[in-house]
Amino acid sequence: MATIQPVIISQEESDSEDFQPLTAVQAQALREKNPPLSVWRVVGAQLLVGLLVALVAGVFTQRSTVAISAFYGSLAVALPAALFARGLASKVNHIHPLAQAIGFLVWEGVKLILTAAMLMLAPKMISDLSWPALLTGLVVTLKVYWMALAWRRVFHPKVETKQN
């Protein structure tokens, strides 16, 4: 098994490299190149994809319960994601970096528990539930996260910056 040798930087080398902060123009160019991800656009896209999956399932099978099952699977992803996004946007999470980390873990836990609860309640909520349709809606809706990373122009809004 090969090992990777650590790179040792001497004190002289690290001191010789001066840190230079970005200028306002460089910072603006960096923000334009890497815009922030809009969580609400992702949640909206999840709901839209859920509707499309339900529509395709309903048209393909000619059974409304299959369409409802597919949409419920999508809701089991999108509703907890919306709650997660809302929880992270809370002012409490912006007090301290540790509060942000704890808030992220707490809201991720809430999201997972709510998703599991929705899946467990599915047979009681939908008569004649179609598990394959529900799982298809769930999986396709989960793939929206990957679409958000791949299609940056759609999910990453243009950053408005002031020019001096």
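Quick look at the numbers
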read-out	value
Residues that are under 26 Å from Ala57 (Cβ atoms) and surrounded by fewer than 17 Cβ atoms within 10 Å (Cβ to Cβ), drawn from the range 74-114	Leu83, Leu112, Leu114
Flag if Arg41 is in contact with a Ser or Thr (Cβ under 8 Å, 6 or more places away or on another chain) and among the basic types (Lys, Arg)	no
Any hit, the range 127-142, residues being at pLDDT 85 or above, of a type outside the set (Lys, Arg), more than 18 Å from Ala57 (Cα to Cα) and in a helix (DSSP H, G or I)	no
Single residue of the range 61-102 satisfying the filter (free of Cβ contacts under 8 Å to residues at least 40 places away in the same chain, of a type outside the set (A, V, I, L, M, F, W, C) and not in a helix (DSSP H, G or I)) that is nearest to Leu121 (Cα to Cα)	Gln62
Of residues in the range 115-126 being surrounded by 14 or more Cβ atoms within 10 Å (Cβ to Cβ) and in a helix (DSSP H, G or I), the one farthest from the chain's Cα centre (by Cα)	Ala122
Per-region count, the range 20-56, residues under 28 Å from Ile126 (Cα atoms), at pLDDT below 95 and small (Gly, Ala, Ser)	2
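The values are calculated or read from the model by the stated rules, or taken from the named source; none is laboratory data. Keep in mind it's a predicted model, so treat the numbers as computed, not measured. Cβ coordinates were reconstructed from backbone atoms using ideal geometry, including for glycine residues, and neighbour counts include every protein chain displayed.
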